[in-house]
Amino acid sequence: MKYKVLYAEDELTLAQIISDGLGQSGYEVVLATDGSQALELFRSAPPDICVLDVMMPVKDGYTLAEDIRKLDAGVPIIFLSAKSLPEDVIKGFKSGGNDYLRKPFNMGELLIRMESLLSRFGGRQQVESVYVFGSCKLDPVTQELETSVARYTLSYKEAALLELLLQHKNTLVPRQVPLLKIWGDDTYYNARSMDVFMSHLRKMLKGEPGVQLMSIRGAGYKLIV
C-alpha cells in the first residue's frame with residue numbers, strides 16, 4: 001500500500017518537481033497550493049504524512065499545522081522553508097511540526113526524513129510502540145523518555161537517535177547510519193551536531209542500572225541493555 005502525502009506548496013515549479021520525485025519514490029501525492037485548500041484536502045482524505053511549505057497564501061504553514069493538530073494529533077508533519085532563523089524553527093515545532101527542512105534541500109534528504117517519521121509514527125498502518133529497556137521507557141510518538149530518576153521531553157532528533165539505537169541494541173551502529181537516516185547527510189557539521197545530541201542522551205541515561213550508551217570514537221555508537 002502506498003503512503004499518502006499531503007504536500008502544500010504555492011511555488012508551482014518546485015511543487016511539480018517535488019511531487020514528481022515523491023511519486024517516483026512510491027508515494028501517492030495530494031497537492032495543495034495554499035493553506036486553506038490543504039486543510040480541506042486533509043479533512044476529506046486524511047494523509048499518512050504532511051509536507052508543508054511555511055510561506056503560503058490564505059493560510060500559512062504554521063497556522064495550517066495548528067489546524068491539522070486539532071483534527072489529528074498523531075499525523076507526522078514536516079515543514080519546508082527558506083526561513084532558517086532559530087525562532088522560525090522553534091515556531092515550527094511549537095505549531096505542531098515534527099521536523100523542519102530548510103530550503104534549498106536535496107530530494108534524497110526529504111525522502112530520508114519522511115521515511116524516518118513514517119517508521120516512527122507508522123503512518124496509518126502500524127500500531128504505535130513504547131520501548132522498555134532496563135528501568136527506562138521511551139515513547140517515540142510523544143518523544144518522552146522516562147528513567148528511574150526523571151522524565152524528559154526529548155527533541156525530535158534525540159528521540160529518533162535513541163529509537164534507532166534501541167532498534168539495534170547491543171550492536172555497534174556506524175556513525176553514518178543515523179547521520180543519513182536522521183540528518184540527511186554525513187557532513188562534518190551534522191556529525192558534530194549528532195555528537196552533541198548523543199552527549200545529551202548519555203547524561204540522561206548515566207547511572208541507569210543495566211543500561212550503557214557507549215560512544216566508540218570514529219566508529220559509532222552502541223546501546224548496551
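Sorted by accessible area with a 1.4 angstrom probe, largest first, how do Arg69, Arg151 fall? Walk me through the intermediate numbers first.
Working: Arg69 55, Arg151 150 Å².
Reading off the accessible areas and sorting them downward yields Arg151, Arg69.
Accessible area of Asp195, 1.4 Å probe, to the nearest 10 Å²?
Accessible area, nearest 10 Å²: 50 Å².
Which residue fluctuates most in the GNM of the chain (Cα springs below 10 Å): Val196, Val51, Val89?
Judging by the Gaussian network model, the answer is Val196.
Dipole size in debye (nearest 20) for the chain around its Cα centre, Lys and Arg Cβ +1, Asp and Glu Cβ -1? Intermediate results must be reported in sequence, preceding the final value.
Values: 26 positive and 28 negative charges, 197 e Å.
So the dipole magnitude of the chain works out to roughly 940 debye.
If one takes the longest principal axis of the Cα atoms in the chain, at what angle in degrees, from 0 to 90 and to the nearest 10, does the Cα axis of helix 107-121 lie?
Between helix and principal axis, roughly 70 degrees.
What whole-number distance in Å separates the alpha-carbon centres of the range 61-94 and the range 140-156?
21 Å
Excluding ligands, DNA and RNA, what is the solvent-accessible area per residue of the chain at a probe of 1.4 Å, expressed in Å²?
Working: 10950 Å² over 225 residues.
That works out to 49 Å² for each residue.
So, with a 1.4 angstrom probe, what is the percent of accessible area on the chain that is carbon and sulfur? Display every interim value, and only then the final one.
On the way: 5750 of 10950 Å².
Of the solvent-accessible surface of the chain, carbon and sulfur hold 52 percent.
Between helix 12-24 and the chain, what is the angle of the helix's C-alpha long axis to the longest principal axis, kept within 0 to 90° and rounded to the nearest 10?
60 degrees
What would the Debye formula give as log10 I(q)/I(0) at q = 0.14, 0.17, 0.25 Å⁻¹ for the alpha-carbon point model of the range 1-96, no solvent?
For the range 1-96, the Cα-only Debye profile gives -0.46, -0.68, -1.40.
Where is the GNM fluctuation largest for the chain (alpha-carbon springs, 10 angstrom cutoff): Lys203, Lys59, Lys181?
Ranking Lys203, Lys59, Lys181 by mean-square fluctuation puts Lys203 first.
Round to the nearest 0.05 the FRET efficiency obtained for Glu66 and Ile17 when R0 = 41 Å and r is the Cβ-Cβ distance.
On the way: r = 28 Å, r/R0 = 0.67.
So, using R0 = 41 Å, E works out to roughly 0.90.
Ignoring everything except DSSP H segments at least 4 long, calculate the 222 nm mean residue ellipticity for the chain; use -39,500 (n - 2.57) per segment, divide by total residues, nearest 500.
Values: 7 runs with 88 residues, N = 225.
-12500 deg cm²/dmol, from helical runs alone.
Give me the angle, in degrees from 0 to 90, between the Cα long axis of helix 156-167 and the longest principal axis of the Cα atoms of the chain, rounded to the nearest 10.
So the inclination is approximately 60 degrees.
Ranked from highest to lowest mean number of other Cβ atoms within 10 Å per residue, what is the order of the peptides 75-81, 167-173?
Numbers: 75-81: 22.9, 167-173: 13.6.
Highest to lowest by the protection proxy: 75-81, 167-173.
What are the aspartates and glutamates whose alpha-carbon lies under 15 Å from the alpha-carbon of Lys157, with same-chain residues fewer than 8 places away excluded?
Hits, sequence-local ones excluded: Asp99, Glu109, Glu115, Asp139, Glu144, Asp185, Asp186, Asp195.
Can you spot the lysines whose alpha carbon is less than 22 Å from Lys2's alpha carbon? Ignore those fewer than 8 places along the same chain.
Excluding near neighbours in sequence, the set is Lys181.
Enumerate the amide H contacts of Phe79 below 5 Å, restricted to partners 5 or more residues apart or on another chain; note that Pro and chain-start residues carry no placed amide H.
Leu52, Asn98, Asp99, Tyr100, Leu101
The values are calculated or read from the model by the stated rules, or taken from the named source; none is laboratory data. Note that this is a predicted model, so its numbers are computed, not measured. Ideal geometry is used to build each Cβ from the backbone, glycine not excepted, and the neighbour counts take in all protein chains shown. For the accessible areas, the whole protein counts, side chains as well, though only heavy atoms, and no ligand, DNA or RNA atoms are used. Shrake-Rupley method; radii C 1.70, N 1.55, O 1.52, S 1.80 Å.
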